[in-house]
């Protein structure tokens with residue numbers, strides 16, 4: 001039998017971009033179905049969360065910690081107009097630190113909107129990785145990442161390595177080295 005290997009990520013954000021609607025998270029029956037599906041398959045998700053939800057007192061940890069979830073950041077406000085600014089990165093990191101008592105390691109920019117300034121902001125704030133890029137052309141969103149690698153790579157400024165990028169959405173067969 002072939003070993004199955006996959007990574008499951010959940011983007012935890014307002015249901016309609018920046019509008020504060022959290023129907024699935026707050027609906028006990030719907031969330032229970034979601035949780036049961038993960039547990040039945042032995043899936044432990046990495047949850048990229050919009051940190052504003054922590055400040056709003058939403059039951060993020062109460063829902064996902066029983067699933068064994070790992071938490072990373074998905075910006076503060078999930079605003080596609082400001083996905084990776086220094087202010088957005090710092091504000092999300094501060095909210096995360098207040099909630100978890102430690103710094104986050106990873107960041108996923110809303111809608112895959114991350115640029116060189118965003119990568120530099122994450123590096124300056126001590127992030128180890130980003131999982132923001134989905135190598136695709138998204139004309140309706142105004143960017144083209146189709147030339148970027150499908151496999152993890154390191155963002156560099158030409159002199160220094162800044163940050164590991166773990167692309168999502170499309171991938172080649174994974175290779176794991178332990």
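Listed values, structure above:
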item	result
Selected residue (criterion: farthest from residue 51 (Cα to Cα)) from residues of region 80-89 that are out of contact with any strand residue (DSSP E or B) (no Cβ under 9 Å at 6 or more places or on another chain) and crowded, with 20+ Cβ neighbours inside 10 Å	83
Hey, residue 34 surrounded by 14 or more Cβ atoms within 10 Å (Cβ to Cβ) and at pLDDT below 90 or not	yes
Count of region 55-73 residues which are in contact with a helix residue (DSSP H, G or I) (Cβ under 7 Å, 6 or more places away or on another chain) and crowded, with 21+ Cβ neighbours inside 10 Å	3
Segments classed as strands (runs of 3 or more DSSP E), wholly inside region 63-178, with at least 3 members that are within 26 Å of residue 23 (Cα to Cα) and at pLDDT 90 or above	70-73
Any hit, region 18-37, residues being on the phi > 0 side of the Ramachandran plot and assigned to a loop (DSSP other than H, G, I, E, B)	no
Selected residue (criterion: farthest from residue 13 (Cα to Cα)) from residues of region 45-60 that are touching a strand residue (DSSP E or B) at 6+ places or on another chain (Cβ under 8 Å) and part of a helix (DSSP H, G or I)	60
Any hit, region 90-110, residues being farther than 26 Å from residue 44 by Cα and out of contact with any strand residue (DSSP E or B) (no Cβ under 6 Å at 6 or more places or on another chain)	yes
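The values are calculated or read from the model by the stated rules, or taken from the named source; none is laboratory data. Everything numeric here is computed off the predicted structure, so don't read it as measured data. With ideal geometry, Cβ positions are generated from the backbone for all residues, glycine too; neighbour counts draw on all protein chains shown.
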